[in-house]
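This report refers to the structure that appears directly beneath it.
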Amino acid sequence: MKQLRTAIVLVAIGGLLTTAAFLMAFFTAEVQQFGTVTLEQEVDTVFPVAPDQFQPPAGEGIAYVRPWFSQKIFYFHVPVAEASFLVLIISAVFAIRFLTSKRAEFDTKSRIAMETALVFVVLTMITGVLWTRASWGVWWEWEPRLTTYFIMMLMMIAYFVLRNSIEEEERRATYAAVFAVVAAINAPISFMITRVIPSNHPVVFQPGMASSNLLPFIIGQIGMLMIGYGIYTARMTEERLRERVEIAKEALEG
């Protein structure tokens, strides 16, 4: 049960770090001005705007900045998204190790890493939709980052559909391993696409980023990775216990 205790500690510490990062985002981080829109007249909005709104030149109407609420979501959204990329790649690494060794343990590790990655992907989609609604005024937009990430999520869901549709163990593991590697190829594509193709999605890490903004990102990322590893460890512990129970049942029945 040592592994389970380790998992609980990791999730607890990771949760505290993530919470601390989120609180820092609200109370110490600067509000980044992603851009302004000059309007002819003042408009109502359900979202609060940054307190230090830009003032337009005389005679040019009302200057409106993106709502600060959308930026605060990023301190949770970005660490979750980056953790999803990393854990998905780890799943692919275990998949490659299975393909080269045919050892069942690597198939199990790849599957559990994929389960963990899917948790982060779902959280990323939820927080991303909230940001899109707050910042762009729509729930969804088919721009490069959102589109490639959505495709990646569908491929991960298809991975589990594939596993459940094949009964023979080694063939199931082989097909799943290949599919995990293919799905993981989309991770760097989705991460880099906003840097090579014009997109409405902002590039978060830029030169000259204020330390009050960078620190919550780093703390949140560490916290998310700890949570991810804790979930992975807990699931691996569960799998080991399940296998032991199965072996004991077979021994008793024999």
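Brief remarks on what is shown
- Residue count for segment 88-136 under the criterion of being of a type in the set (S, T, N, Q) and farther than 30 Å from Tyr75 by Cβ: the result is 4.
- Selection from segment 131-151 of residues that are in a helix (DSSP H, G or I) and in contact with a His (Cβ under 8 Å, 6 or more places away or on another chain): Trp131, Pro144, Arg145, Leu146
- Scanning segment 118-127 for residues that are more than 15 Å from Leu154 (Cβ to Cβ) and of a type outside the set (A, V, I, L, M) yields a count of 2.
Every residue, every condition in (1) surrounded by 15 or more Cβ atoms within 10 Å (Cβ to Cβ); (2) modelled with pLDDT of 90 or more; (3) under 18 Å from Arg97 (Cβ atoms), yes or no:
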residue	(1), (2), (3)
Ile151	no, yes, no
Tyr159	yes, yes, yes
Val182	no, yes, yes
Phe191	yes, no, no
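- Looking across segment 214-254 at every residue that is part of a helix (DSSP H, G or I) and small (Gly, Ala, Ser), the one that is surrounded by the most Cβ atoms within 10 Å (Cβ to Cβ) is identified as Gly220.
- Residue within segment 194-211 that is among the aromatic types (Phe, Trp, Tyr), over 28 Å from Phe98 (Cα atoms) and either surrounded by 15 or more Cβ atoms within 10 Å (Cβ to Cβ) or at pLDDT below 95 (or both) present: yes
- Matching residues in segment 95-130 - criterion: being part of a loop (DSSP other than H, G, I, E, B) and without any contact (Cβ under 8 Å) to a residue 24 or more places away in the chain: Arg103
The values are calculated or read from the model by the stated rules, or taken from the named source; none is laboratory data. Being a predicted model, the structure only gives us computed values, none of them experimental. Glycine also receives a Cβ, built like all others from the backbone with ideal geometry; neighbour counts cover every protein chain displayed.
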